[in-house]
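Student: The structure is given below, and queries will be raised subsequently.
The values are calculated or read from the model by the stated rules, or taken from the named source; none is laboratory data. As the structure is a prediction and not an experimental result, all values here were calculated from the model. With ideal geometry, Cβ positions are generated from the backbone for all residues, glycine too; neighbour counts draw on all protein chains shown. With ligands, DNA and RNA removed, areas are computed over all heavy atoms of the protein, side chains included. Shrake-Rupley method; radii C 1.70, N 1.55, O 1.52, S 1.80 Å.
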Amino acid sequence: MADAAASYRIKGTTGDWEVVVGLEVHAQITATASKLFSGAATAFGAEPNTQVSLVDAAMPGMLPVPNKECIRQAVRTGMALDAVINRWSRFDRKNYFYADLPQGYQISQLYHPLVGEGEIEILTDEKDESTTKRIGIERIHVEQDAGKLMHDQHPTMSYVDLNRCGVALMEIVSRPDMRSPAEAGAYLRKLRAILRYVGSCDGNMEEGSMRADVNVSVRKAGDELGTRTETKNVNSVRFVMQAIEHEARRQVELLEEGGRVIQETRLFDPDTGTTRAMRSKEEAHDYRYFPDPDLLPLELDEAFLDECRASLPELPDTKRKRYEGLGITPYNASVLTAEVETARWFDALLDAGAEPKQAANWVVAELFGALNRRGETIDQNPISPAQAAELLGLVADATISGTIAKQVFEIMLDSGEGAAAIVEKRGLKQTSDTGAIDAEIDKVLAANAEKVAEYRAGKQQLFGFFVGQTMKAMAGTANPQVVNERLRAKLS
Amino acid sequence: MSGLVDKTIAELRDGFRVGEFTAREVAEAYNGAVAAARTLNAYTVETPEDALAAAETADKARASGDLPPLAGIPLGIKDLFATRGVDTTAGSNILKGFKPRYESTVTANLRRAGAGMLGKLNMDEFAMGSSNETSAYGPVISPWRRKGSNVALTPGGSSGGSAAAVSAGLAPGVTGTDTGGSIRQPAAFTGIAGIKPTYGRCSRWGIVAFASSLDQAGPMARTVRDCAILLEAMAGFDAKDSTSLDLPVPPWERNLSSNLNGKRVGIPKEYRIDGVPAEINRLWDRGIEWLRDAGAAPVEISLPHTGYALPTYYIIAPAEASSNLARYDGVRYGLRETGDGLNGMYAATREAGFGAEVKRRIMIGTYVLSAGFYEAYFTKAQKVRALIKQDFRKAFESCDLILTPTAPSAAFGIGETTDPLSMYLNDVFAVPASLAGLPAMSVPGGLDEDGLPLGLHLIGKELDEQTVLNAGLAIEERAGFTARPEKWW
Amino acid sequence: MSVTFEQVRHIATLARIAMSDEELERFVPELNNILGWVEQLGEVDTDGVEPLTAVIEQKLRLRADVVNDGNIRDEVLANAPDAQHGFFAVPKVIE
Ligand SMILES: [Mg+2]
Ligand SMILES: [Zn+2]
């Protein structure tokens, strides 16, 4: 079990406190062009109020009509989380007044969500394959996003932009199964990866297409769950971890000073890494949920569900296990499957005929190294999977050595030329021609007579020096095995 | 040509087609009648130019031949329907000056059918009322008066302006909406016909929402045939309304027949309630005889949960309304009053914008949905509603339509009914059909001893507007109701 | 159940309708009167009865994912009590 994380504790003056974390992730369904209940566009960054229909603006007499693709993407997401898909679900109204909510209610799903229980497996210690832990998913429901308020444009007014209003969200509600900021971070990264594999959400937290409401409570080990607070709309993994850390400490201090935690909505301040009670939502909440009378119950048939299931891609865990089955190390396998783009590129490399073990090592060590140096993502990568496969092939069939391969790769990155061509042009082919190698060895030994004497006198470690000198003399093209054999013969 | 305002829609349509008169003459006659009847307060906005423009199109089209069904017919439109560029206020201060940039599906259908608009019709605020007294524009005065009295009477509500306009000859036909009797009760009070079709027949898109699961648009006119003509133009599938029925619109007018051979008319014993004037029950008995005479066989039926319909309605309708009316917050349209911050602005705007009855229903609706009460009130009401629907389903196994009185009384005086509960009782006969989404119609049956109209109420099976209209026609032919209010305005 | 003055005040707050204490006072008996009346539903045996979900039985239609609306900012803002620089303006909100 996850000892590393399970042992995460807040040290208080009265002893150790356990942290209990649950996350409500709002993931925008970025796979659709139009909104959940209207035909307005969802693209990010448009001019204020240009992607707003009369329905989104809640004009009198306007009515919602659900977008089939939003339902489809939410169902595919639920399937990817091994969740129960409810054949019969329904939309409810969540009633409250706010300037970013034109209808005066959000159309959501409280009583009968589209997706029921599922789970996500995380590594509580991402370096350690053995630290797996299952985090329960309680439900996924589909709902409308709200508009955006701008407070800094005018001294006494806030400005309302409804472009986001009505955009489809999946609210993915976890069980309070996380026990540390690290687990919450792992959960979020894993969820994000799955959403991106499925394609329902681009996971772009900067643009707000993934936000987390962070529910935190603390308790002495073995005690009942404590009172939780909900910190709203935290928009990065790091911030979520900070928010948990700060909120847990705040609650512990409060409790140890004899105070009590009040169930409230809080805001995270990225600048200070702290949370504070939300002023605008202070007055008692009573959302008065009831079934939306403008919409009928949503019933899904088997054909629809079959298509959703059939359209799912290979998911990170399955892919990782498949890679391990190909002899790829667990570490490389998890690195290669962490991001959908990497996995896609790597699968193409394998399809181009590269040997899995060698290819994995090369991508993780050489390719990632080069991309980091050049500050490029896998998609900006100038080397195509086919070109990479050609290079790896030359190493595999001993046409070039690993050392030469590094040079060739650098030349490929700069010139875009193919590996074989480079090797040809620059005469980098590896040679096992004993005649040529013997000749160079003789030169090296002659030029280093006294070292030869020391070696023969027992200074064995000098052997490497002779190998190096010979390789150097042959610009690295000599087959190292042959050089070794010939040297031993001549020195014995 | 003042005689034009006494003609039915069918007569206007046919007379215009054969060239007896022009559409312009019709529009002018009605524009004149509207302008001359402002004391009735039936119209909140007059749009004579709109009626004339449609007439001009019709006259041109007639010259060139093919004419849409309502060419040359000017109509009054209830202020609940969004009409592009024309004030649409639902009879409320909170929407004062609101000019939608869109046209409701129903009125767009009517325009496509060639109809012109005479103006917007007064109504109870957000259709919440049974006497038109809750309108921000003040009450509509019924053209009817009790014999030998000039006490101002209500035309009923919420479609009170619509009812008054038709009975006073200020429009040959009008749109109404019916959530719990708002077409049928005013039709009965003013001696005209009005039908609420099956829920989902008329699109709700562009109709200011009161209670979404109950709201239905329908026509009000002088005759059953005119109602059939208008309903055919108003109804139809609309992809913009998720509850719209994806079914073809039957040729109701062509299939009109007052021959009811083989039809069984259900007479629900639970509708014989105390406190209903004897003459209303006598009219009901006469109605039974008229339908028997038309070939139908009366059968007694039971709708056991009838007595619970009103309380069920007064939980569900306010609950939906409290949510539907949350959008009137002073941010995007309508009235804005300033207060302390955003919440202060909301509270001040809604305090100033809503009238007493609307506030009352928002308060009730907010309460029955609030934490701790939702199950006991709202869920319970939806269960009883299911039982009421089931009552009808069972009853229709032994009958093809149902006959009842439309309202428990004739029109009452403005200001006479002050207690909310006794006002709600006006819809005791109308509400069950609304809760079940069934087609229902009121047709004039006769006058009471004060000389005021009384209506008979026909309830049909889901989607069976035809039988309702046919029975309405049978009653119309036998009742011989020709009374019109004496012109005093 | 019968509502208290405090409950009525709370409901008015939830509904965002400003009311003087006098108005709230007037609402207490009025709401109690109406609620007392609707509570007769308690007499109805609804055990095992499913609450009505659709007035007329039909399936929810789903729309195809096409952008065919929006780009009508002028229409959206046309009736706004206060529109500035393409936004709706409201009294400053402190979050
Ligand atoms: Mg939340
Ligand atoms: Zn949510």
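Student: Take the residue pairs A:K94/A:K148; A:K425/A:K490; A:K232/A:K321; A:K357/A:K459; A:K35/B:K78; A:K35/B:K380 and return only those whose Cα atoms are more than 29 Å apart. Numbers along the way, then the final one.
Tutor: On the way: A:K94/A:K148 18 Å; A:K425/A:K490 33 Å; A:K232/A:K321 36 Å; A:K357/A:K459 37 Å; A:K35/B:K78 32 Å; A:K35/B:K380 34 Å.
Over 29 Å Cα-Cα: A:K425/A:K490; A:K232/A:K321; A:K357/A:K459; A:K35/B:K78; A:K35/B:K380.
Student: Using only C-alpha atoms and all pairs of different ones, pull out the Kirkwood radius for chain A in Å with one decimal. Before the final figure, lay out each step's value.
Tutor: Numbers: mean 1/r = 0.0372 Å⁻¹.
Its Kirkwood hydrodynamic radius stands at 26.9 Å.
Student: With r as the distance between the Cβ atoms of B:T8 and B:D293 and R0 = 22 Å, compute the FRET efficiency 1/(1 + (r/R0)^6) and round to 0.05. Don't jump to the answer; show the numbers that get you there.
Tutor: Details: r = 23 Å, r/R0 = 1.06.
Computed FRET efficiency for B:D293 and B:T8: 0.40.
Student: Here's a follow-up. So for C:H10, A:H151, what's the accessible-area order with a 1.4 Å probe, most first? Provide the component values of the computation, followed by the final result.
Tutor: Working: C:H10 75, A:H151 50 Å².
Largest accessible area first, the list is C:H10, A:H151.
Student: Students often forget the sequence filter, so: which aspartates and glutamates lie under 18 Å Cα-Cα from A:K11 once same-chain residues fewer than 8 apart are removed?
Tutor: A:D3, A:D223, A:E245, A:E247, A:E253, A:E256, A:E257
Student: How about the stretch A:160-237: which GluC sites (Glu not before Pro) there lie in a loop by DSSP and see at most 11 other Cβ atoms within 10 Å?
Tutor: Numbers: sites: A:E171, A:E183, A:E206, A:E207, A:E224, A:E230; in loops: A:E206, A:E207, A:E224.
Here the GluC sites (Glu not before Pro) that fit, given the DSSP loop and packing criteria, are A:E206, A:E224.
Student: Looking at the P(r) of the stretch B:198-276, how many percent of alpha-carbon pairs lie beyond 22 Å? Intermediate values should be presented prior to the final figure.
Tutor: Details: 1412 of 3081 pairs.
When every Cα pair of the stretch B:198-276 is considered, 46 percent fall beyond 22 Å.
Student: Of the DSSP beta bridges with both residues in the stretch A:93-155, give the percent that are antiparallel, rounding to the nearest 5.
Tutor: Numbers: 10 of 10 bridges.
Roughly 100 percent of the DSSP beta bridges within the stretch A:93-155 come out antiparallel.
Student: If you don't mind, another one. Once each part is reduced to its C-alpha centroid, what is the distance from the stretch A:461-492 to the stretch B:114-134 in angstrom?
Tutor: 102 Å
Student: Counting C-alpha atoms alone, how compact is chain B: give Rg to one decimal and Dmax as a whole number, in angstrom.
Tutor: Gyration radius and largest Cα-Cα distance of chain B: 21.1, 68 Å.
Student: Here's another thing I want to ask about it. Let me have the 222 nm mean residue ellipticity of chain B computed from DSSP H runs of 4+ only, each contributing -39500 (n - 2.57), with the sum over all residues rounded to the nearest 500. Please report the intermediate quantities before stating the final value.
Tutor: On the way: 15 runs with 174 residues, N = 489.
It comes out at -11000 deg cm²/dmol, rounded to the nearest 500.
Student: Helix hunt in chain A: which complete DSSP H runs extend at least 24 Å axially by C-alpha with mean Kyte-Doolittle at least -0.5? Walk me through the numbers before you get to the answer.
Tutor: On the way: long enough: A:181-198 (25 Å, 0.10); A:237-256 (29 Å, -0.24).
Length and hydropathy pass: A:181-198, A:237-256.
Student: How large is the direction-averaged shadow of the alpha-carbon convex hull of the stretch B:222-323, in nm²?
Tutor: Numbers: hull surface 40.1 nm².
Averaging across all directions leaves 10.0 nm² for the Cα convex hull.
Student: How big is the accessible area of B:W284 in square angstrom, nearest 10, if you roll a 1.4 angstrom probe over the protein chains?
Tutor: We get 0 Å² for B:W284.
Student: Shielding of B:364-376 by partners, i.e. mean partner chain Cβ atoms within 10 Å per residue?
Tutor: Working: counts 7, 5, 11, 12, 4, 8, 9, 7, 2, 5, 4, 1, 4.
Partner Cβ neighbours, averaged per residue: 6.
Student: Rounded to the nearest 500, what is the 222 nm mean residue ellipticity of chain C from helices alone, with -39500 (n - 2.57) per DSSP H run of 4+ residues and division by all residues?
Tutor: Values: 3 runs with 33 residues, N = 95.
Mean residue ellipticity at 222 nm (helix-derived): -10500 deg cm²/dmol.
Student: Please list 3J(HN,Hα) in residue order for the stretch B:209-224, calculated via the Karplus relation 6.51 cos²θ - 1.76 cosθ + 1.60 where θ = phi - 60°; whole Hz, with x for glycine and proline.
Tutor: So the J values, rounded to whole Hz, are 6, 10, 10, 3, 7, 10, 4, 9, 7, x, x, 10, 7, 6, 10, 5.
Student: Of B:V384, A:V55, which has the most accessible area with a 1.4 Å probe, and how do the rest follow in descending order? Walk me through the numbers on the way to the answer.
Tutor: Numbers: B:V384 0, A:V55 25 Å².
Highest to lowest solvent-accessible surface, that is A:V55, B:V384.
Student: Turning to a different aspect of this structure: What would the Debye formula give as log10 I(q)/I(0) at q = 0.16, 0.19, 0.25, 0.27 Å⁻¹ for the alpha-carbon point model of the stretch C:1-81, no solvent?
Tutor: The Debye formula, applied to the Cα set alone, gives -0.86, -0.90, -1.17, -1.23.
Student: Under a Cβ-Cβ cut-off of 15 Å, what is the net charge of the residues other than A:E440 that fall near it, where Lys and Arg count +1 and Asp and Glu count -1?
Tutor: Numbers: positive: A:K443, A:K472, A:R486, A:K490; negative: A:D433, A:D438, A:D442, A:E485.
Every neighbour counted, the sum reads 0.
Student: Rounded to the nearest 500, what is chain A's calculated 222 nm mean residue ellipticity when only DSSP H runs of at least 4 contribute -39500 (n - 2.57) each, over all residues?
Tutor: Details: 17 runs with 187 residues, N = 492.
Rounded to the nearest 500, it is -11500 deg cm²/dmol.
Student: At q = 0.26 Å⁻¹, what is the base-10 log of I(q)/I(0) for the stretch A:328-405 according to the Debye formula with one equal point scatterer per Cα and no solvent? Please give it to two decimals.
Tutor: Log10 I(q)/I(0), no solvent term: -1.42.
Student: While we're looking at this one, here's another question. Between A:S492 and C:D82, what is the spin-label point distance in nm, taking each point 7 Å from the Cα along the Cα→C-beta axis?
Tutor: The answer from the label model is 9.6 nm.
Student: Provide the solvent-accessible area of A:R189, counting protein heavy atoms only and rolling a 1.4 Å probe, rounded to the nearest 10 Å².
Tutor: 100 Å²
Student: Further, regarding this structure: Report the accessible area of C:F5, computed with a 1.4 Å probe over the heavy atoms of all protein chains in place, in Å² rounded to the nearest 10.
Tutor: Roll a 1.4 Å probe over it and C:F5 shows about 50 Å².
Student: Tell me which aspartates and glutamates have Cα within less than 18 Å of A:K406's Cα, excluding those fewer than 8 residues away on the same chain?
Tutor: A:E355, A:E366, A:E390, A:D397, A:D414, A:E417, A:E424
Student: In the stretch C:47-95, which trypsin sites (Lys or Arg not before Pro) fall in coil by DSSP and have 12 or fewer other Cβ atoms within 10 Å? Don't jump to the answer; show the numbers that get you there.
Tutor: On the way: sites: C:K59, C:R61, C:R63, C:R73, C:K92; in loops: C:K59, C:R61, C:K92.
Those that pass, being in a loop and sparsely packed, are C:K59.
Student: When you look at the Cβ of every residue in A:31-39, what mean number of other chain Cβ atoms sits within 10 Å?
Tutor: Mean partner-chain Cβ count within 10 Å for A:31-39: 4.
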